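Peer 1: After the structure tokens below, expect a handful of questions from me.
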Amino acid sequence: MRDVSFSYGNGLVLADVNLAVSPGDMVALIGPNGSGKSTLLKLIGGVLRPREGRIQLHGLDPARSKRRLVASKVAVVPQQFHMPFAFTVEEVVMLGRTPFLGFLSDASKQDVDAVRSAIDVAGATSLGKRYFNELSGGERQKVVLAMALAQQPQLLLLDEPTAHLDITHQIEILQLLAELNNQHHTTIIAAIHDLNLAAMYFQRLVLLHGGGVIADGTPSHVLTSDLVARAYSAQVHVMQHPLAAVPYVIAIPGNPPSLTRSVPDGPDHL
């Protein structure tokens with residue numbers, strides 16, 4: 001991305017953004033709500049076209065290239081995915097092969113193998129015959145990830161992949177992404193809300209604020225008290241994670257509640 005700017009109507013969201021991502025990188029986009037993380041992902045994927053500047057993806061302009069060509073290189077995992085029909089998991093994941101299927105053509109053995117492999121890699125093997133709409137939130141997220149992997153992409157874009165998930169499923173999804181990056185060398189760019197999860201699983205953080213990138217580097221370089229306070233307008237304390245060599249961010253409440261509360265005795269309270 002070179003000098004990329006974008007606005008919705010008269011509202012400028014991103015201004016003069018420069019960002020370079022190399023094959024095999026694993027990058028987390030962080031920043032407060034409205035800082036442009038989702039917009040940046042849509043620009044990279046070609047869903048949106050920049051008002052100014054240039055975007056190149058393996059030599060292609062994603063917004064001006066054929067969608068099938070872009071989809072053969074880039075897969076997107078949206079924050080929310082709705083399936084209005086009673087599709088099984090295998091049928092949903094097969095949708096990821098759409099860029100490779102001809103009009104009204106049947107799936108080939110290669111397509112079927114790609115779907116099975118994607119389901120296995122995403123840890124959704126036991127879900128294959130179940131209906132997508134009957135799954136839990138964490139299970140659905142695995143299936144949507146498998147659908148993206150079925151595209152066999154070089155670049156995987158994820159918008160808040162751990163949103164609305166409990167901590168167990170958050171860790172499962174992020175661990176899957178780390179394994180994809182380490183074992184398959186998949187390039188990953190993800191918008192991440194939780195700063196501590198971003199620091200734990202991503203080697204590179206890009207901090208967005210005020211329409212631009214204000215920090216880009218390792219978690220230790222980006223997650224400083226000054227930078228986080230500047231971006232989020234909040235008081236924080238940054239310390240070393242007790243179990244890992246990464247920073248750990250603690251929010252400092254403006255009016256902290258009492259840590260000791262008196263509890264009345266007796267059956268009336270119960």
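The values are calculated or read from the model by the stated rules, or taken from the named source; none is laboratory data. For clarity, every value in this text was computed on a predicted model and none was experimentally measured. Cβ placement follows ideal geometry from the backbone for every residue including glycine, while neighbour counts extend to all protein chains displayed.
Peer 1: Looking at (1) in contact with an Asp or Glu (Cβ under 7 Å, 6 or more places away or on another chain); (2) modelled with pLDDT under 95, which one does Leu180 not meet, given that it meets all the others?
Peer 2: (1)
Peer 1: In the range 1-93, which strands (runs of 3 or more DSSP E) lie fully inside it and hold 1 or more residues that are within 18 Å of Ile188 (Cβ to Cβ)?
Peer 2: 26-30, 74-77
Peer 1: Here's another thing I want to ask about it. For the range 25-57, enumerate the residues that are under 11 Å from Leu208 (Cα atoms) and either of a type in the set (Val, Ile, Thr) or without any contact (Cβ under 8 Å) to a residue 40 or more places away in the chain (or both).
Peer 2: Residues satisfying the conditions are Ile30, Asn33, Gly34.
Peer 1: Is at least one residue of the range 67-90 at pLDDT 90 or above, in contact with a helix residue (DSSP H, G or I) (Cβ under 7 Å, 6 or more places away or on another chain) and among the charged types (D, E, K, R)?
Peer 2: yes
Peer 1: Do you know which residues across the range 122-145 are in a loop (DSSP other than H, G, I, E, B) and small (Gly, Ala, Ser)?
Peer 2: Ala122, Gly123, Ala124, Gly128, Ser136
Peer 1: Any residue at all in the range 41-49 that is within 24 Å of Asn18 (Cα to Cα), surrounded by fewer than 15 Cβ atoms within 10 Å (Cβ to Cβ) and touching an Asp or Glu at 6+ places or on another chain (Cβ under 7 Å)?
Peer 2: no
Peer 1: Return a yes/no flag: does the range 149-156 have any residue that is buried (at least 16 other Cβ atoms within 10 Å of the Cβ) and in a helix (DSSP H, G or I).
Peer 2: There is at least one residue in the range 149-156 that is buried (at least 16 other Cβ atoms within 10 Å of the Cβ) and in a helix (DSSP H, G or I).
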